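K.L.:
Take this structure, written in structure tokens, and hold onto it; I'll ask about it next.
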Amino acid sequence: MDADVTAAPLSAQSDDLPDYELDIWRMPVGAARRPSTAVIDWGFAMPDGSRFTASEWSSLRQAAKAFLWSLHEDPPGSQRRPLSLRSLPSAFRTLRLIILWMAADRTRRFADINEPAIDRLLAALEQRRGNNGGPLAAATVQNCLGLLRMMYLQRAKLSDAPACAPHRKPTRETGIWARPVPLPYTPDPIAIPLISGALRLIDEPADRIIGLRDEMQRIFDNARAEGRARMTARIRMMDALKARLPLLPEWDRPHVTPKGALRQLNFLADRVTDACFVVIAYLIGARVSEILTLKAGCIEHERDEADNKSHAWLVGSIHKAFPYDKGKPHRWIAPEAVQRAIDVMERLSAPLRVISGQNLLWLVQSPLNSVTRTSDAPIRSITGLAINLRLNAHFAPFLGLPAHEGAPWRLTTHQGRKTFARFVGRRDRTGLFALQKHLGHMTRAITDRGYVGTDFELAELIDTHVVEETRHALEEMLLAPRLAGKAGRRLSERSPFRGRTRDGEFDAYVDALLADTGMRLGVCDWGYCLYRQETAACKGNEHGPNPVLRTQSTCAACSNFVVSEKHRPVWAARLARNETLLLRTGLNHESRALVESRIAECRQILTTLNSGAGRNGRD
């Protein structure tokens, strides 16, 4: 090491950390990570054909190493936490991009990076093309400048650092950088069959697949115990399995299911694994790193002294923003479907856990990926990238998910979290009857805060969706020519924009109304709830409506309730059901009175929507 370069930190010599002096740093792989993503190779090619490990780059290389390691060992005061070992390779890739530009620009020291040099860097990045052939993403540019700013903040700890802090907002140059595309949530027409299909698959079909796996393993093991060769034992097992085809008749998908009995068993076991991931991701909002690092025995039951009921918790850890691979311990409330998914994964992974000595649930035998243990192929954890590929290449076609706007919808592992946040923050749930049928009471008991716990980032996602939906609903109600419900009548009478189109004046009015009133919609399954606790017929509290007493009849009589044209199908369907029920013979007096009351409620709301009078008639 050159004498003028900061020495390696002593803690870098720990057995658990990469060897600072080597030109290849190997990070702890951990679960859910590809080994290739946990390697930092300082021997990358330079523009002149040399390698960065050559002696001519020694001073710059040692300065780069010292800086990168300082982000983990001793970050600047503006950075809340040390950069995790998991994140060092990503920071290295950004640093490598800067070093390659420095070499092409003949800038040999970080200290030579001044304002003119920053302008040259931005000009060079402007000429680069992204993977899609277009301009670089603004995030890539910001990462480069952010890393240089970190280096500038670390200048007192480094022998070589930029002479000034770089520009912070290149995106102000409109049209130069590709605009960031936010990670999407899964649209309802995709999410509903996706979650419903996953829930069906982890039920009785999962038991049958696991039972078949265990039976075939016994056949193989018995043959081996008799002294049969490995291949002979495999053939005996495969012959027994062929007699069971199709393995899941109701899930028989010839256009996507592979040929061959054993390949079909492996395929179906993989789809059960995918289904378990979907259920957990979409029903508790955990990140992929949090799901794929779950271990056997992660469901814990705890009795609540307040209501004397036992609640199930999913116990794992949060890895994002925490510097060490074990992450920060965390618990999520586990509905029955998530408990079932964990039970299925514990049984699926049990043989691989015994062989490998690992306690992780998401394990796979690579490269053969066989659910039966008939080879000595290594066992490793499934990665997030593999889950992404499996969801799109196999699971979505297996479920037959519909197209979205004429094209297949691309699933990602993060969409479960985004979709969960959107659902919990969703106020108007009239279109989710199919999903509610599968989720049961959980969908009605979810609250903004109680379900999320201490996952504050997830709480922020939910709040964002609440604000967005509140604004959208308010705009609809103010412009609607017809509204039913007690609150709908008042809103129609007072709205100066009734029947008009949107304009600048309207947008300003909505902004002011939201700011002045702090209005938030309450959760409602058959209309809009302009929730106020003091007038809530459902006897809700300061957090929102009471999910137990919130019924259609209760809402119809409530001063907070609004019905718009979009909710007409809900009330028309309720009217038809009750009119059919009224035709039944044998209804007692109390039942008939209840049905007639429901019919009157529905007709009253539908008549108001039809007439445009804006009157509810139940003051």
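Read-outs: derived from the displayed coordinates by stated rules, not from any lab. Every value quoted in this text rests on a predicted model; they were computed, and no experiment measured them. Counting neighbours? That spans all protein chains shown, and the Cβs are built from the backbone with ideal geometry, glycine included.
K.L.:
What FRET efficiency, computed as 1/(1 + (r/R0)^6) with R0 = 41 Å and r the Cβ-Cβ distance, is obtained for Leu587 and Arg253, rounded to the nearest 0.05?
P.N.:
0.35
K.L.:
Residues with beta-carbon under 14 Å from that of Asp270, excluding Asp270: net charge, scoring Lys, Arg +1 and Asp, Glu -1?
P.N.:
Around Asp270, the charge tally is +4.
K.L.:
How much length, in nm to one decimal, is gained on full extension between Glu300 and Arg230, taken as 0.36 nm per residue of separation minus their Cα-Cα distance?
P.N.:
Computed gain between Glu300 and Arg230 is 21.1 nm.
K.L.:
Which whole-Hz ³J(HN,Hα) couplings does the stretch 280-296 yield from phi under the Karplus relation 6.51 cos²θ - 1.76 cosθ + 1.60, θ = phi - 60°, glycine and proline marked x?
P.N.:
Calculated HN-Hα couplings, in order: 5, 5, 8, 9, 10, x, 6, 6, 4, 5, 6, 6, 6, 9, 5, 10, 4 Hz.
K.L.:
If a/c stays under 1.5 just call it rounded; otherwise compare a/b with b/c (prolate if a/b is bigger, oblate if not). Do that for the stretch 346-407, with a ≥ b ≥ c from the square roots of the Cα gyration tensor eigenvalues.
P.N.:
Taking the square roots of the gyration eigenvalues as a ≥ b ≥ c, the stretch 346-407 is prolate.
K.L.:
Moving to a separate point now. Extending each Cα 7 Å along its Cβ direction at Glu215 and Arg96, get the distance between those two points in nm, one decimal.
P.N.:
5.0 nm
K.L.:
While we're on this one: Hand me the trypsin sites (Lys or Arg not before Pro) from the stretch 58-145 located in a DSSP loop with no more than 12 other Cβ atoms within 10 Å, in residue order please.
P.N.:
Qualifying residues, ordered by number: Arg80, Arg106, Arg128.
K.L.:
Between Ser366 and Ala350, what is 0.36 nm times their sequence separation minus the Cα-Cα distance? Round to one decimal in nm.
P.N.:
Net length gain for the segment: 4.1 nm.
K.L.:
On to the next question. How much length, in nm to one decimal, is gained on full extension between Val548 and Asp203, taken as 0.36 nm per residue of separation minus their Cα-Cα distance?
P.N.:
Separation in residues times 0.36 nm, less the Cα-Cα distance, equals 121.5 nm.
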